[in-house]
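The values are calculated or read from the model by the stated rules, or taken from the named source; none is laboratory data. Note that the structure is predicted; figures quoted are calculated from it, not measured. Neighbour counts are summed over all protein chains in view; Cβ atoms, including those assigned to glycine, are modelled from backbone coordinates with ideal geometry.
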Amino acid sequence: MIPLYRVASNETTTRVLTEAQVDLVGLIVRAIGSVSLICSLSVLLTVVILRQLRTVPNFVLTCSSVANIFSSIASIIGPNEISLDPRGYCQAQAFLYQTFRQFECCWFLAMVITVWIAFGKQSEPKNPWRWFCVYAAAFIVLPMAVAAVLLAMDVYGNIGVWCWIERDHHYLSVATFTSPRV
């Protein structure tokens with residue numbers, strides 16, 4: 001993560017990047033988010049159009065692509081939008097990041113489990129819809145619940161190029177984002 005501010009004392013902070021550098025980082029993040037959005041929509045569209053690709057492993061990959069779509073939308077929300085409505089856009093972006101960045105890792109875990117069942121156990125999961133419900137409960141509801149609690153606690157704020165958990169609550173970013181990924 002690029003440090004945008006350096007704490008000079010308990011009272012003041014100094015900016016590490018210039019305004020132009022922050023804008024450049026924001027532009028890069030938005031460009032990558034846009035490419036990611038196009039790729040994820042392509043995966044989704046391909047699975048919808050081509051019936052022969054509708055297998056259980058591809059189903060899980062498709063769900064992961066949906067998560068990536070929302071993460072990409074969060075990336076595309078840039079500093080310009082946040083400056084127009086600092087509270088609304090910032091809260092929305094932080095909620096999307098908190099929910100769907102976790103979501104991606106969870107769906108990759110679901111893919112590993114599904115592949116293990118298919119190849120390790122030499123069987124196809126019998127009911128893909130049942131598996132989706134299990135995965136959805138664990139990998140959609142849980143991260144979204146955590147993000148909603150953080151939203152209610154009002155800990156999201158602008159941390160430079162994007163919005164997420166504010167500096168005053170940095171321990172929550174470790175507890176709710178970094179730790180579950182390890």
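At a glance:
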item: Total residues in region 73-92, condition under 19 Å from residue 140 (Cβ atoms) and surrounded by fewer than 21 Cβ atoms within 10 Å (Cβ to Cβ); result: 2
item: Criterion (modelled with pLDDT of 85 or more, of a type in the set (Phe, Trp, Tyr) and either under 15 Å from residue 157 (Cα atoms) or buried (at least 21 other Cβ atoms within 10 Å of the Cβ) (or both)) met by exactly one of 95, 70; result: 95
item: Every residue from region 1-52 that is over 21 Å from residue 163 (Cβ atoms), modelled with pLDDT of 90 or more and not hydrophobic (A, V, I, L, M, F, W, C); result: 40, 42, 46
item: Pairs, first in contact (Cβ under 8 Å) with a residue 12 or more places away in the chain in region 137-150, second β-branched (Val, Ile, Thr), C-beta under 7 Å, six or more apart; result: 143/99; 144/99; 146/176; 147/99; 150/165; 150/176
item: Filtered residues of region 36-87 (kept if among the small types (Gly, Ala, Ser), in contact (Cβ under 8 Å) with a residue 12 or more places away in the chain and under 30 Å from residue 23 (Cβ atoms)); result: 36, 40, 65, 67, 71, 72, 74, 75, 78
item: Residue 109 buried (at least 19 other Cβ atoms within 10 Å of the Cβ) and modelled with pLDDT of 75 or more; result: no
